[in-house]
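The values are calculated or read from the model by the stated rules, or taken from the named source; none is laboratory data. Model, not experiment: these values are computed from the prediction. Here Cβ is always computed from backbone atoms with ideal geometry, including for glycine, and neighbour counts include all displayed protein chains.
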Amino acid sequence: MVKETKHCQYCPRGTFQDEEQHTTCKMCPTDHTTAAQGATAESQCYSTNQCATGEDNCSWHAHCIDLPDDNDVPSFQCKCKPGYRGNGTYCQDACTNYCLNDGVCKKNPVGYVECACKENFSGER
């Protein structure tokens, strides 16, 4: 409520009010905001930093990268760490089923995989 005019106003973005007849708005938790003004419940607050708050669905073997909000919708990307492959939500060891003809998979120090061929075999995999 604006005290000078005694008119009620919507709570601004990043705040909410879940009780009637109050003159102030409550802040969303740290690193959270609301999609629009006028939120009426804390559940309308969403994370603006899913990676830091752990609200992502990335694999343990992936890096979480926060992206700029798109039309007030928070977003992030999951990218498998070196030595792993997959879509970021699911990452498996890059050596799993990588080498052909019983080649031995080895990871170099930065996580890239190579195959060591058995005797009488040659090639990259």
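Counting just the residues of region 86-110 that are surrounded by 13 or more Cβ atoms within 10 Å (Cβ to Cβ) and within 19 Å of Cys64 (Cα to Cα), which one comes out nearest to the chain's Cα centre (by Cα)?
Keep residues of region 86-110 that are surrounded by 13 or more Cβ atoms within 10 Å (Cβ to Cβ), which gives 86, 88, 90-95, 98-99, 103, 105, 107.
Cutting the leftovers down to within 19 Å of Cys64 (Cα to Cα) gives us 86, 88, 90-94.
Working: Gly86: 16, Gly88: 10, Tyr90: 13, Cys91: 15, Gln92: 18, Asp93: 21, Ala94: 22 Å.
It comes out as Gly88.
Of all residues in region 93-125, those satisfying the criterion of being within 13 Å of Pro82 (Cα to Cα) and of a type in the set (Gly, Ala, Ser) are Ala94, Gly111.
Among the strands (runs of 3 or more DSSP E) confined to region 22-102, the ones with at least 3 residues that are at pLDDT 90 or above are located at 62-70, 73-80, 84-86, 91-93. When Cys45 is tested against (1) surrounded by 14 or more Cβ atoms within 10 Å (Cβ to Cβ); (2) of a type outside the set (Gly, Ala, Ser); (3) farther than 30 Å from Lys106 by Cα; (4) in contact with a helix residue (DSSP H, G or I) (Cβ under 9 Å, 6 or more places away or on another chain), only condition (4) is not met.
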